[in-house]
Every structure is written in structure tokens, then in C-alpha cells.
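Undergrad: Here it is, the structure, as C-alpha cells.
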């Protein structure tokens, strides 16, 4: 894995304490890789056009944009060391659309964003904006929530957990996890959940696991394999993450429906929603289906 693994990071921010954690992770990547950071604030102020006469909109929106742009610049100056030189962007559109389009336009290699954790039990840790971004973008996303750290967080990536199920998207997630382990000199734990308790099945999976994993791991990457039983893959993944004190989970998601083909069956969505740890979700674009015409 090369050192230019992540050259540019997009950090969406609402300029509150909530989004500072995502920025701190971006600064960690900058420290290790020299990654360039772009701070994005999106605020759909064009609602003025529907709340007020059109003349009011044209008169006040430019002023509002200027004020918000300056506020973002001041926020960056207060939270980003001068030598980092973060770029700031303000977009007058819905946040999820602005995030996806800006990440694509600037060539971002990674999006790091906080999540409020609103929306009831099903969205325990995953905010609606984060969820919609994950549904749409093909760029890896690290989601973090202040609730993950009840006190001042000790930011670091020392142990990485990557659950796999021997699929193409799992391979992609593992390659990314290997890169992260190399960059941060972190321990890598690669796990697989076996649904079933027969010893013969468990032994067969362990053999397949070694064959599948070993060719992907560089000689200088520390890793160990964990194979566990369980009928609820997400539950077992999150339990192992707690047991090993994971600082980052790396999971994969195939873009069809977000909860369709994922790194551990249909559980990637649940891992991302309920994890107590930062989660990097690695997306794989939809597989194109060719139309075959009759001769």
C-alpha cells in the first residue's frame, strides 16, 4: 500500500462541537500522510425564495452566503493549525447532495463525518445525512459520533477490525484495512462469523479463511485471524470489536440497496448504525448488467 493512499479528505461540518471529532480524525490522517483537508459547510438557504418575495431572496441570499463563508473560514482558523492549510467550501444546497458532489468534484479519497445519532432506535448512531451519503457515494466514509467518546477522546488508530465473508466487496474492504494498518502501524484483526456449530464446518472455514486472507496481507502487516460462531453476524462483530478494543472497523457495502450485498451478509448497515467505534465503510459501485439481445 502506497503512502498516497489518502491524498484528500472531505470533512463536512456544521461548525459545532459535534463535528469537531471528525475534524480531529482528519488531522490525524494529515499528520500521518500529509492528506489535504477540505472543510465543507452546506446550508440550504435558498428556502428564502419560498418564504419571502423573490426580490427579498435575491437581495439577502448573497449576503447570507458571504456571512456563512466567513464563519466557516473563521471556524477553520480556530480549529486547524495554520501549517495544515485546510480549504473551506460553502454550498447552498442540501447537505447530503453537497457532500457527495463536492467529494466527487475535488477528487476526495475519503469522507470523514460526524453523526448526530438522531431518528430513534434504528438510527441509534447513524444520522440521516450520513445514511443518505452512504447510500449514494462510492468514496469510503468514516463515520464517528461524539457519543462514542463520553470524555475527551484519545484519538488514535492502534487496532483495526475487518469482518469478511470471502466476497469481492470483503476483499476490497480488507485491502483498505491492510492499508490503514500499514499507515498507522496498527494491529489488524480479520474475522469471519460462521453460522453453524458443527466442528467440521468450523474447520473447513478456518482453512478457507487462511487461503483467502494470506495473499492479501503484506509481510509488514501485523494481523491475526478470528473465526467465531453466531447466528447474528453484526452482534458478533460488535462484540469482538469491544473485546479487542478496536479503534476502527472497516466494512464493505455493495451499492444496490445499501442493506443488500454487504461484507457480512446484510449486517453492514447494522454495524455502521450501532458500533461504539469509528467505522470506515468501503463502497463498491453497482455491478453493471449487460443487455443481451436475441440474434
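Undergrad: Between residue 66 and residue 158, with labels modelled 7 Å along Cα→Cβ, what's the label distance in nm to one decimal, could you check?
TA: Label at residue 66, label at residue 158, 5.0 nm between them.
Undergrad: Stretched out fully, how many nm does the piece from residue 242 to residue 28 gain, at 0.36 nm a residue minus the Cα gap? Numbers along the way, then the final one.
TA: Details: separation 214, 0.36 × 214 = 77.04 nm, distance 2.23 nm.
Net length gain for the segment: 74.8 nm.
Undergrad: Could you rank the peptides 84-96, 129-141, 201-213 by their average count of other C-beta atoms within 10 Å per residue, with the highest value first?
TA: Numbers: 84-96: 17.3, 129-141: 20.3, 201-213: 14.0.
Answer by packing, highest mean first, reads 129-141, 84-96, 201-213.
Undergrad: Using the beta-carbon distance between residue 166 and residue 14 and R0 = 25 Å, what value does 1/(1 + (r/R0)^6) give for FRET efficiency, to the nearest 0.05?
TA: Working: r = 39 Å, r/R0 = 1.58.
For residue 166 and residue 14, the calculated efficiency is 0.05.
Undergrad: Let me ask something else about it. Run the numbers for residue 185 and residue 128: contour at 0.36 nm per residue of separation, minus the present Cα-Cα distance, in nm. Could the numbers behind the result be given before it?
TA: Working: separation 57, 0.36 × 57 = 20.52 nm, distance 3.31 nm.
Here the segment from residue 185 to residue 128 would lengthen by 17.2 nm.
Undergrad: Mind giving me the nanometre distance, one decimal, between the label points for residue 207 and residue 229, set 7 Å out from Cα along Cα→Cβ?
TA: 2.0 nm
All of the numbers you see were taken from the coordinates with simple rules; none came from a lab. As the structure is a computational prediction, the values presented were derived from the model and not from experiment. In this analysis, Cβ positions are derived from the backbone assuming ideal geometry, glycine residues included, and neighbour counts consider all displayed protein chains.
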